Amino acid sequence: MKPKPPPDVYRRELLRLLVAALRRVRPDTGEWLEERSGCFSLVAWTYLFYGVHRDIVLDREGIERLLQQPVPSAADLAEISSLASRRFHHASHRLGDALPFLRRFIAQPAMRLTMHEADRYLTNRDGIAVAIRALLAAALERAWHEDEKVLLIAHSMGSVIAYDTLWELSHGARGPSGEVDLFMTLGSPLATRFMRGALRGAAARGRDRYPTNIRRWANFSAKGDVTALYPRLAPYFREMLELGLVDALDDYVDLENHFRGAIGLNVHDSYGYLSNPSVARAIGDWLAASQ
């Protein structure tokens, strides 16, 4: 959620961070991607949702810090550990997720705003969800039409949008038109009751409940990231494995996201996730196998 910089600016900064991270863990793939940067596409949806762009200046210092200091400092690790150990904070979020009528009493103002914005998407208010999913569906269908192998990376609310879009492409009138070779979710809220009950296909059973166009799914969650309230997705989507809809569904938890932006440490931020060594290694492995 929240506005992002203009798409060309945001894409450039994400690509810089990813290439730098790849050069540290898989130098060959970092060089390959830098030379073929057109392979990296961004499906930007937040302007459609909010009607404004975020000023990249607000993110610039944090981005440069990630590039210059790819490993978290001792102070970063201490603060990350402190966030991850706040059991009452996590417990209150889980209680609010399990008992929706309590949310307005226990949620902080920022969380209430986020939930309100998520509800706008989940209820398709003014057709916003349909319009957003159309952006991703068009990008995927272009790639499949060109016989491209697809790695779909989805962060935060983007993982919900991606899941819904893949479900619709699986179960639409035309049927599946292609496959996502690797679906990567970063800081995903997909396991929360709030989200699971509103996903496309949630009311169906068996194969009809899930997307059928994902070959492998890898999920990454950072320590202290309360958006990924339940860090592991496998317990909630295991039926996809049992039905043979995916070859693998793997969770990678306890990552350290040390991005520091205008408001300080943000363990949920997309910049920090994309430059994380574990995430970069998974992308590098996929790129190496796909060349």
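The values are calculated or read from the model by the stated rules, or taken from the named source; none is laboratory data. Because the structure is predicted, anything quoted here is derived from the model rather than measured. Cβ coordinates were reconstructed from backbone atoms using ideal geometry, including for glycine residues, and neighbour counts include every protein chain displayed.
For the stretch 126-147, does any single residue satisfy the condition of being at pLDDT 95 or above and either touching a strand residue (DSSP E or B) at 6+ places or on another chain (Cβ under 8 Å) or within 30 Å of GLU256 (Cβ to Cβ) (or both)? There is at least one residue in the stretch 126-147 that is at pLDDT 95 or above and either touching a strand residue (DSSP E or B) at 6+ places or on another chain (Cβ under 8 Å) or within 30 Å of GLU256 (Cβ to Cβ) (or both). Mind checking whether some residue in the stretch 168-185 is surrounded by 18 or more Cβ atoms within 10 Å (Cβ to Cβ), under 14 Å from TYR121 (Cβ atoms) and among the hydroxyl-bearing types (Ser, Thr, Tyr)? Scanning the stretch 168-185, I find no residue that is surrounded by 18 or more Cβ atoms within 10 Å (Cβ to Cβ), under 14 Å from TYR121 (Cβ atoms) and among the hydroxyl-bearing types (Ser, Thr, Tyr), so the answer is no. Among all residues of the stretch 251-258, there is at least one that is at positive phi, touching a strand residue (DSSP E or B) at 6+ places or on another chain (Cβ under 9 Å), assigned to a strand (DSSP E or B) and modelled with pLDDT under 95. Output yes when any residue across the stretch 9-30 is free of Cβ contacts under 8 Å to residues at least 60 places away in the same chain, surrounded by fewer than 17 Cβ atoms within 10 Å (Cβ to Cβ) and farther than 24 Å from LEU265 by Cα, and no when none is. Yes: one or more hits. The residue that is nearest to ARG65 (Cα to Cα), counting only those in the stretch 1-44 that are part of a helix (DSSP H, G or I) and aromatic (Phe, Trp, Tyr), is TYR10. So, TYR271, is that one in contact with a Leu (Cβ under 7 Å, 6 or more places away or on another chain) and in a helix (DSSP H, G or I) or not? Yes.
Tally up the residues in the stretch 119-167 that are among the small types (Gly, Ala, Ser) and crowded, with 20+ Cβ neighbours inside 10 Å, please.
6
The set of residues from the stretch 48-66 being loosely packed, with under 15 Cβ neighbours inside 10 Å and part of a helix (DSSP H, G or I) comprises LEU48, TYR50, VAL57, LEU58, ARG60, GLU61, GLU64.
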